[in-house]
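The values are calculated or read from the model by the stated rules, or taken from the named source; none is laboratory data. Small disclaimer: the values here were computed from a predicted structure and weren't measured. With ideal geometry, Cβ positions are generated from the backbone for all residues, glycine too; neighbour counts draw on all protein chains shown. Areas reflect the complete protein model, heavy atoms only, side chains present, ligands, DNA and RNA absent. Shrake-Rupley method; radii C 1.70, N 1.55, O 1.52, S 1.80 Å.
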Amino acid sequence: MTFGNFVKMHGLGNDFVIIDCRDAPLKMTSAKARHISDRHTGIGCDQLILLNPSDIADVSMLIYNSDGGEVESCGNASRCVVALLDVDCSIQTGGGIIYGKIDDNGVTVNMGLARFEWQEIPLAFAMDTDALPLTWEDLSAPMAINVGNPHVVFFVDDCDATDLVRLGPVIEIDAAFPQHINVNVASVHSGELKLRVWERGVGLTRACGTGACASAVAAIKQGLLSTPVTVNLPGGALTIAWQTGAPIIMTGSTSFIYSGHTNWDDFG
């Protein structure tokens, strides 16, 4: 039997099961990750996080979405890991190295550079990433950005009026996006951004850190807002600072929910 500890945390309602594997390695499969993430028969989370040793950073972070798929980066999870370790640190992810520090406003993470070239999103073929020549009903011409993982950002008058539960999964798996895509629908109100996110492999989420980063960068790049940008998600607010050619800086709160001990073999 393989018994081990875990911690449940969330960042603005985006919740994680975090397993520290640095001293006790744990073999993970897509099926096991999916079973652990199941809210009815598992522990339940949006993403499963495994912490491992790293040769190039203080810690390495593997990220599995609730559907069992491994993804490159997660902003809210990065902030939770920094809070859990309770020390300023660097985190190796599939999307690059993230640097985090604890401050009076919660946890601030340096998410690295935004990437805009079509190959870096990636897209299936060359397109103008500032305004993709694509339309899904009333959603059209999104900006495409890679902030460690791929996003499209639509600006609309009222993001709450978009049927994201219906359109999100259609856009996510469109053939234009060979690695699938995270879908952001944003509105500018009173100098701030209101955002809803359909997260690749998860669905509609209360908060998405990389989605907030991508949407803030898109708003600044299009001249809709100036840095720093307050991004209001259903689960709360994040502050995103970005200038052309500079890294994306994200600040927000984290919350500890509980810790537990389980037999990982029970999940397959």
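Key figures for this structure:
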| item | result |
| --- | --- |
| Members of the range 190-212 found to be outside any loop (DSSP other than H, G, I, E, B), of a type in the set (Gly, Ala, Ser) and crowded, with 20+ Cβ neighbours inside 10 Å, listed by number | Gly209, Gly211, Ala212 |
| Criterion violated by Ser226 - all others in (1) without any contact (Cβ under 8 Å) to a residue 24 or more places away in the chain; (2) among the polar types (S, T, N, Q); (3) crowded, with 22+ Cβ neighbours inside 10 Å satisfied | (3) |
| Residue count for the range 119-148, restricted to those that are open to solvent by 50 Å² or more (accessible area, probe 1.4 Å) and out of contact with any Leu (no Cβ under 9 Å at 6 or more places or on another chain) | 9 |
| Qualifying position, being over 19 Å from Ile97 (Cβ atoms) and touching a helix residue (DSSP H, G or I) at 6+ places or on another chain (Cβ under 7 Å), among Phe16, Phe3 | Phe16 |
| Selection count, the range 229-246, where residues are surrounded by 17 or more Cβ atoms within 10 Å (Cβ to Cβ) and not in a strand (DSSP E or B) | 2 |
| From the options Ser215, Ser226, Ser259, residue that is more than 14 Å from the chain's Cα centre (by Cα), outside any strand (DSSP E or B) and modelled with pLDDT of 95 or more | Ser226 |
| Selection from the range 1-25 of residues that are part of a loop (DSSP other than H, G, I, E, B) and either over 23 Å from Gln92 (Cα atoms) or open to solvent by 30 Å² or more (accessible area, probe 1.4 Å) (or both) | Met1, Thr2, Gly13, Arg22, Asp23, Ala24, Pro25 |
| Selection within the range 149-189 - surrounded by fewer than 18 Cβ atoms within 10 Å (Cβ to Cβ) and acidic (Asp, Glu) | Asp157, Asp158, Asp160, Asp163, Asp174 |
| Residue in the range 58-81 that is open to solvent by less than 50 Å² (accessible area, probe 1.4 Å), more than 29 Å from Arg115 (Cβ to Cβ) and not in a helix (DSSP H, G or I) present | no |
| Filter pass, Lys221 being open to solvent by 40 Å² or more (accessible area, probe 1.4 Å), within 25 Å of Pro122 (Cβ to Cβ) and touching a residue at least 12 places away in the same chain (Cβ under 8 Å) | yes |
| Any chance Leu48 is surrounded by 24 or more Cβ atoms within 10 Å (Cβ to Cβ) and either in a loop (DSSP other than H, G, I, E, B) or touching a helix residue (DSSP H, G or I) at 6+ places or on another chain (Cβ under 7 Å) (or both) | yes |
| One residue from Ile102, Ile63, Ile121 being closer than 22 Å to Met28 by Cβ and aliphatic (A, V, I, L, M) | Ile63 |
| Extreme residue, surrounded by the most Cβ atoms within 10 Å (Cβ to Cβ), among residues of the range 26-40 that are among the aliphatic types (A, V, I, L, M) and out of contact with any helix residue (DSSP H, G or I) (no Cβ under 8 Å at 6 or more places or on another chain) | Ala33 |
